[in-house]
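The values are calculated or read from the model by the stated rules, or taken from the named source; none is laboratory data. Bear in mind the structure is a predicted one, so any value in this text is a computation, not a measurement. Because the Cβ atoms are built from the backbone with ideal geometry, glycine has one as well, and the counts that use them run over all protein chains shown.
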Amino acid sequence: MDGRVVLGVFLAVVVAFSVAAAHLVFAHVLWTRGNCPSTPSAQRLIFEVTTDESTYEVDETIIIKMNITNPTDSEVILNFSSGYQLDYKIISEGGHVIYRWSDGKAFIMAFTHIKVEAHSSYVRVFHHTPKDYPLKPGKYIIEGIVVGYFTDSTEIEVRYNYRELESRYNLFRNITFVFVITTSFFIATTVHFARKKESKLAQPLDRQSLIKS
């Protein structure tokens, strides 16, 4: 009985290792012989990254559009070993990657694919908000990535919102003006009553009032 149990466990382990090995072999074949950039079908695809604007104000949402176009007469399938298919990163003027969309995210661990029909496009849109990563004034490179296949980039510029700054300046100026006027009125009123009180105290006493007293 014990021998049968040991044999059963051994066979189960062998089957598990066989399945895992087959999975790895399939993944290797998929990446090396599938629709990768080295194959003519994938090489004919056109990948482009664009943004809705070229110039943004601070704290404005950036809409990033990734477009995979298939100009051929047959469909092309891009295969991936997980749910991690597309990504984008933001690069500063100094060449440093300051943000990557995929950082801290989890993806399904299963084979996935993107099918691009003949003479059509596959489009994916990302919205980069200040909550994701706030961008200071300056120039940046937005680099889009089709994982394992393509990259493309576009340049944007972030500027201060001068209209908002002007509005804040005008508000500050108005508040300052009201404060100065109010303070001046208060000081003038205080001085006026103080002088009036001093004037009353400085008046000579009436003789008749002194005699009666």
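Say whether the condition of being at negative phi, touching a Pro at 6+ places or on another chain (Cβ under 7 Å) and either in contact (Cβ under 8 Å) with a residue 24 or more places away in the chain or acidic (Asp, Glu) (or both) is met by at least one residue in region 127-149.
Within region 127-149 (the criterion being at negative phi, touching a Pro at 6+ places or on another chain (Cβ under 7 Å) and either in contact (Cβ under 8 Å) with a residue 24 or more places away in the chain or acidic (Asp, Glu) (or both)), the answer is yes, since at least one residue qualifies.
Only one of these is more than 12 Å from Gln85 (Cβ to Cβ) and aliphatic (A, V, I, L, M): Val147, Val123. Name it.
Val123
Lys65 passes all but one of (1) under 18 Å from the mean Cα position of the chain (by Cα); (2) farther than 13 Å from His127 by Cα; which number fails?
Every listed condition holds for Lys65 apart from (2).
Quick one: Val158 ticks every box in (1) modelled with pLDDT under 95; (2) under 20 Å from Ile63 (Cβ atoms) bar one, so which box is it?
If we test Val158 against (1) modelled with pLDDT under 95; (2) under 20 Å from Ile63 (Cβ atoms), just (1) comes out false.
Table: residues versus (1) at pLDDT 95 or above; (2) exposed (fewer than 12 other Cβ atoms within 10 Å of the Cβ); (3) within 15 Å of Lys115 (Cα to Cα).
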{"residue": "Val5", "(1), (2), (3)": "no, yes, no"}
{"residue": "Phe10", "(1), (2), (3)": "no, yes, no"}
{"residue": "Thr39", "(1), (2), (3)": "no, no, no"}
{"residue": "Ile63", "(1), (2), (3)": "yes, no, no"}
{"residue": "Asn67", "(1), (2), (3)": "yes, no, yes"}
{"residue": "Lys89", "(1), (2), (3)": "yes, no, no"}
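Among the strands (runs of 3 or more DSSP E) contained in region 87-168, which hold 3 or more residues that are hydrophobic (A, V, I, L, M, F, W, C)?
Hits in region 87-168: 120-128, 138-146, 150-159.
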